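Take a look at the structure below.
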Amino acid sequence: MSAKVQSQAFNSKACKDFLALIMKIRHLVISLSLLLVATHLAFAQNKSETYFNGGPLVYDDHVYQEGILSVRFAPAGNDLAMPIIALKSGQQLELSFDDLYEEFTDMSYTIYHCNADWTPSDLMRNDYLSNLADEYIQDFQYSLNTFIPYTNYKLSIPNQRVQLSKSGNYLLVIYRNNDKTDLVLSRRFMVYEEIVKISGVVKRATRVEKMQIHQEVDFEINHSGYAIPNPFTDLKVVLMQNQRWDNRIDNLKPQFLQNAKLIYQYDDENTFPGGSEFRFFDIKNLFSLSLNVRKITQDSLFTAYLKQDVSRGVENYTFNPDINGQLRIRKLDARNSDSEADYALVDFYLDYPQEISSQVYVFGELSDWKMLPQFEMYYDLERKAYRTQLLLKQGYYNYGYAIDDYTKVGAALGFFEGNHWQTSNEYEILVYHREIGSRYDRLVGFTVLSSDNL
């Protein structure tokens, strides 16, 4: 090859490399600009400090850094189910989340075993894990043709390198750059054994003062063939509504003993406010209006304006099919919504004639079932409405408006949403047993009950 041809080839390659570098820089600048705009708009209205404050580790569903969004953790093939699998069943849980701040960083994960009350158990790591070393998340992909760039990470557990040998509660922890102090997120999950059988029914509350607004969960535990010497002290039963940890009931003792059956048929202690069917919106397509979306604008990013909501606190019950406060990440006609779905600012607007003394929050799985500062709404005196904007990924969302009334644990949805005994809800029952001399709580039974047959 002549020197002239070599020179041309070199110049061509250098030019391509230079252009590639320029495009990468441009991509980073645009990414940062859009992210700063989105973050500013999404959090500007909040009165409280943001939730993302780094460590220390908490044994709960928690996000430790800004820019970590759309965290989903559910059994493979059922993204609406609770993150729980049967021990040694071959089932897997799938974690997915987006990082809007970094193009790519090494993400590692570790797993901790917990007691029934979500404190660390006394088990050593080799008692419950097949691999003593932490692992890296190897499945990641960059967003494709989105206004807001991000990196999507995925993880399935158990996997070839990580197997679980004990039942009970677990905490999955993700951290950056091989540094366990650089926490990214933590997620609760459960592994259960099918040892006891749980059966039950959801019905209208028995007590007269609760009949119109509460649901009662009566159930029994059959432990035939499995010894429970003292069910009053050795068992811990957790009763949940729609996968919410914030208002769970975990202090129930058997009311009656009948051979190998433990019967729980209280009239008050096992009741939940019925709530209402969740509100919803659909932003799978950002180029046309869909259910409960009244306007979509596109500037530096998409903004979807929801229809103006009103309080339903005193309305009669109305049935609307919902997914019990959950969400689904979806983009219309996408091959892979995890990497092709875009982000949009979603504008929430709740008409109300005056500001109340309690904080008001957008609430549901989209807020991790918590009253987080970034989901707090502010009161617009001029428009007489509660408002906020949240940065959300394309999909179908359920939500409600909750208040913190400071008189109980858990968000109160009844003020703005109302409570009805007819509402469709799901109830999860977890049964833990601490055997004599054991160092951990086995999860010996799990079931889901529905109020659809009320």
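The set of residues in the stretch 189-209 being under 18 Å from residue 427 (Cα atoms) and either touching a Cys at 6+ places or on another chain (Cβ under 9 Å) or free of Cβ contacts under 8 Å to residues at least 60 places away in the same chain (or both) is empty. I'd like the residue in the stretch 243-265 that is in contact (Cβ under 8 Å) with a residue 40 or more places away in the chain and closer than 18 Å to residue 204 by Cβ and, out of all such residues, is surrounded by the most Cβ atoms within 10 Å (Cβ to Cβ). Out of the qualifying residues, it is 264. From the list 362, 346, the lone residue that is modelled with pLDDT of 95 or more, assigned to a strand (DSSP E or B) and within 15 Å of the chain's Cα centre (by Cα) is 362.
Of the strands (runs of 3 or more DSSP E) contained entirely in the stretch 366-454, not one carries at least 3 residues that are assigned by TED's automatic domain parsing to the domain that holds residue 123, over 27 Å from residue 223 (Cα atoms) and not small (Gly, Ala, Ser). The criterion of being exposed (fewer than 14 other Cβ atoms within 10 Å of the Cβ), touching a strand residue (DSSP E or B) at 6+ places or on another chain (Cβ under 7 Å) and not in a strand (DSSP E or B) holds for residue 54.
For every residue, the table says whether it meets (1) outside the structural domain of residue 246 (by TED's automatic domain parsing); (2) over 22 Å from the mean Cα position of the chain (by Cα); (3) loosely packed, with under 13 Cβ neighbours inside 10 Å.
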position	(1), (2), (3)
88	yes, yes, no
111	yes, no, no
171	yes, no, no
178	yes, yes, yes
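Scanning the stretch 57-73 for residues that are of a type in the set (Val, Ile, Thr) and surrounded by fewer than 17 Cβ atoms within 10 Å (Cβ to Cβ) returns a single hit, 58. The set of residues from the stretch 116-169 being touching a strand residue (DSSP E or B) at 6+ places or on another chain (Cβ under 9 Å), hydroxyl-bearing (Ser, Thr, Tyr) and either surrounded by fewer than 16 Cβ atoms within 10 Å (Cβ to Cβ) or not assigned by TED's automatic domain parsing to the domain that holds residue 84 (or both) comprises 130, 136, 142, 156, 165.
Quick one: in the stretch 193-224, which of the residues that are of a type in the set (Val, Ile, Thr) and under 23 Å from residue 444 (Cα atoms) is surrounded by the fewest Cβ atoms within 10 Å (Cβ to Cβ)? Residue satisfying both the conditions and the ranking: 201. Among the residues here, residue 376 does not qualify as closer than 27 Å to residue 264 by Cβ, surrounded by fewer than 22 Cβ atoms within 10 Å (Cβ to Cβ), in contact (Cβ under 8 Å) with a residue 60 or more places away in the chain and of a type outside the set (Val, Ile, Thr). Residues in the stretch 343-393 that are under 21 Å from residue 322 (Cα atoms) and not hydrophobic (A, V, I, L, M, F, W, C): 347, 349, 361, 364, 365, 367, 368, 370, 393.
When 385, 402 are checked against the criterion of being in contact (Cβ under 8 Å) with a residue 12 or more places away in the chain and surrounded by fewer than 21 Cβ atoms within 10 Å (Cβ to Cβ), 385 stands alone in meeting it. For the stretch 341-396, a tally of residues being more than 26 Å from residue 187 (Cβ to Cβ) and among the small types (Gly, Ala, Ser) returns 3.
The values are calculated or read from the model by the stated rules, or taken from the named source; none is laboratory data. Bear in mind the structure is a predicted one, so any value in this text is a computation, not a measurement. Ideal geometry is used to build each Cβ from the backbone, glycine not excepted, and the neighbour counts take in all protein chains shown.
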